[in-house]
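The values are calculated or read from the model by the stated rules, or taken from the named source; none is laboratory data. Being a predicted model, the structure only gives us computed values, none of them experimental. In case anyone asks, the SASA skips ligands and DNA or RNA and just uses the protein heavy atoms, side chains included. Shrake-Rupley method; radii C 1.70, N 1.55, O 1.52, S 1.80 Å.
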Amino acid sequence: MARFLLKRLGLAIITLWLLATIVFAIVNVLPGNVGRQVLGPFASQQSVDAYNHELGTDRPLINQYSKSLTNLATFDFGNSYSTKEDVAPKITKALFRSAKLAGLALILTVPIGIAAGAYAARRKDKLADRTIVMTGLATSSMPEFVTATILVALFCSSRDSYFRAFADPPDGTSFFGQFKYLFMPGLAMAIVYFGYIARITRAGVINALEADYSRTAIMKGLTSGRVMRRHVLRNALGPTISVVGVQIGYLFGGILGVEKVFNYHGLGTEILNAIGNQDLPILSAAVLTVGIVYMLATLAADVLIAWLNPRVLLETKR
């Protein structure tokens, strides 16, 4: 397990370095002068040059690149161009807000999706199986913002509605009190991802049920429920866990449509605002933060898969 973990961790570090390099390259090929953009068109050229020197944008690219890698290693992303605020606390706050929404979506999606996929697999080609598959296809084909808009129209349009059309709870709201604000955006994402998880779980369970070890266990007299718990799920959930790990990264940074519909300020909104304001420190920090979350999630998924199915470790040693 240690060798497996070190290998995956090394790949994650290399991926993060490549992501930081790509972000740096994209930021530096964008047109415009940072000093002129921040100080405005009427600022003197001397002031613009002094500001660029203060930011370090007039230094050679190799120096800027090495400084960006150092900042990434120390989580020091500097100050925002537009607000002059320290970027790290701003990104940390947005990360925490996205984590609450993503966590709720996963809680709503993963158990139900796995249970529905396993149920459909055990009733392959029957009415229940076809209903779950078709429902999953229908829900996963809808964009998140469309699902979010429908939920707002159905459950949040009345003044007497328990759920809110905006997901940003007032300051001082208790942990459980935030539920009525976050439930609808979490449900909007859960509806979309239900289909992915259910269909992948169904395929994995069908393959595991048709494998020789499942047939042998049934011939030995084990009940179908025990075969499912002890043999099938451990071997069938690998692809599902991989998909969940990938989707976690997307839930943190790619749910801009849901954030806009419910007026929720997460990492996706930070990225959009930074692009509009050409605020490069916030843009770089937000994108790299999403990348770190993605890599940690996939690393955790790989470890969980290896724990459930030790054959993965044997394949790694080859």
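Protein heavy-atom accessible surface, 1.4 Å probe, per residue over segment 71-203: 54 Å².
Restricting attention to the chain, lysine pairs at least eight places apart or on different chains and with alpha-carbon atoms under 29 angstrom apart total 18.
A cut-off of 5 Å between modelled amide H atoms, ignoring neighbours fewer than 5 places along the same chain, links Ile255 with Gly268.
Phi angles of segment 272-286 translate, via the Karplus equation with coefficients 6.51, -1.76, 1.60 and θ = phi - 60°, into HN-Hα couplings of 5, 5, 5, 5, x, 8, 6, 8, 5, x, 5, 4, 5, 5, 5 Hz per residue; Gly and Pro are given as x. Normalising the average separation of contacting C-alpha pairs (under 8 angstrom, six or more residues apart) by the number of residues puts the relative contact order of segment 189-318 at 25 percent. Can you compute the helix-only [θ] at 222 nm over the chain? Use -39500 (n - 2.57) per DSSP H run of at least 4 residues, normalise by all residues, nearest 500 deg cm²/dmol. Rounded to the nearest 500, the figure is -24500 deg cm²/dmol. Between Met189, Met134, Met295, the Gaussian network model of the chain with springs among Cα atoms under 10 angstrom shows the greatest mean-square fluctuation at Met134.
Divide the volume of the convex hull around the Cα atoms of segment 62-206 by the residue count and you get 190 Å³ per residue. Between Leu182, Leu272, Leu299, the residue with the greatest mean-square fluctuation in the GNM of the chain (Cα pairs under 10 Å linked by springs) is Leu272. Just the protein heavy atoms count here, and of the accessible area of the chain at 1.4 Å, carbon and sulfur take up 65 percent.
Karplus-based coupling profile of segment 120-134, in residue order and whole Hz: 5, 5, 6, 10, 4, 6, 9, 4, 4, 4, 5, 5, 5, 5, 5, with θ = phi - 60° in 6.51 cos²θ - 1.76 cosθ + 1.60 and x standing for Gly or Pro.
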